[in-house]
Amino acid sequence: MPETKFQDLVDLVSRLRDPQTGCPWDREQTPDSLKPYLIEEVYEVIEAIEDGDLNELRNELGDLLLQVLFHAQIATEQKQFDIEDVIQAIHSKMVRRHPHVFGDQDVAGTDDVLRNWEAIKAVERAAKGGDQKETLPSILDGVSSRIPALLEANQLTERAARVGFDWSNVDEVFTKLHEEIDELKEVIRSVPVNNDQLEGELGDLLFAAVNVARLLKVDPEAALRRCNKKFKRRFRYIEEELNKLGRGPAESNIDEMEKFWQQSKLSEK
């Protein structure tokens, strides 16, 4: 039954793209035009996970799967690859990268698994690059610079940590965090302020904060999204309270808005 349903969805996407009988909008799409939708669906999946809404998660995973099939269908039409090639590629990769499950390799725990994973990926990168590769393959290869910078920083430091390039404990990172704050203050106090240095020091501060999150085993992206939601919730409380008084934020002042902000915090307890 699952195979039949999956094939039904593959056939549905193919029909949507049919040059004669398909949907005009679907026929016009390209991998480039679909990029915003792919990103949107990923974040909607994440939101459903964070909200703990299983029904919505089921629906959003379906939307994300549709995007995968859409890209595969376009590639099929251009005789590049098809959905079976996609499935075979990820299947082979998972078997290759789990020799402790599908082979005879022994591991003591998660740390061994991650070290082996990076070693296997290094071999794969070297094989892919061949002799034509001008730069030395890096364990950081594969971390996209197009993802949100907070997520990129987390992934970069995670990969470096897998080979031992890491802080010994979170207290060391707190020391670094305070150091970066002091350096940022120093740039701010300089006259005139050097904007390049300001951006650089602020970036160093954020990078250190990401390392605090990683060592505490907290997803910095999820933590910041949670903070964003909290800010929106509390600011809307301010707007609602001001609306009862017949005013908006522009007609208020910081003292009044701060009073309502504190009230919103109390209402959440």
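The values are calculated or read from the model by the stated rules, or taken from the named source; none is laboratory data. Quantities reported herein were computed from a predicted structural model and do not represent experimental measurements. Positions of Cβ are backbone-derived with ideal geometry, glycine not excepted, and every protein chain shown enters the neighbour counts.
Listed here are the helices (runs of 4 or more DSSP H) enclosed by the stretch 81-186 that have at least 2 residues being touching a residue at least 24 places away in the same chain (Cβ under 8 Å): 83-96, 110-129, 149-162. If you go through the stretch 80-116 and pick out every residue that is aliphatic (A, V, I, L, M), over 17 Å from Arg159 (Cα atoms) and surrounded by 11 or more Cβ atoms within 10 Å (Cβ to Cβ), you end up with 8. With respect to being under 28 Å from Pro220 (Cβ atoms), touching a residue at least 12 places away in the same chain (Cβ under 8 Å) and of a type in the set (S, T, N, Q), Gln67 fits the description. Taken together, the residues in the stretch 137-187 that are exposed (fewer than 13 other Cβ atoms within 10 Å of the Cβ), farther than 30 Å from Arg125 by Cα and not acidic (Asp, Glu) amount to 4. Scanning the stretch 197-222 for residues that are under 15 Å from Gln155 (Cα atoms), in a helix (DSSP H, G or I) and not β-branched (Val, Ile, Thr) yields Leu206, Phe207, Ala208, Ala209, Asn211, Ala213, Arg214, Leu215, Pro220, Glu221, Ala222. If you go through the stretch 111-141 and keep only what is small (Gly, Ala, Ser), modelled with pLDDT of 80 or more and either in contact with a helix residue (DSSP H, G or I) (Cβ under 6 Å, 6 or more places away or on another chain) or under 23 Å from Val95 (Cβ atoms) (or both), you end up with just Ala119. For the stretch 224-260, the set of residues classified as touching a helix residue (DSSP H, G or I) at 6+ places or on another chain (Cβ under 6 Å) and part of a helix (DSSP H, G or I) consists of Arg234, Tyr237, Ile238, Glu241, Met257, Phe260, listed by residue number. The one condition from (1) outside any helix (DSSP H, G or I); (2) surrounded by 14 or more Cβ atoms within 10 Å (Cβ to Cβ) that Gln20 does not meet is (2). Figure legend. Inter-residue proximity from the stretch 251-269: first residues over 9 Å from Tyr237 (Cβ atoms), second residues assigned to a helix (DSSP H, G or I) and not aromatic (Phe, Trp, Tyr), beta-carbon distance below 6 Å, spacing 6+ or different chains. Indicated pairs: Ser252/Leu242; Met257/Ile238.
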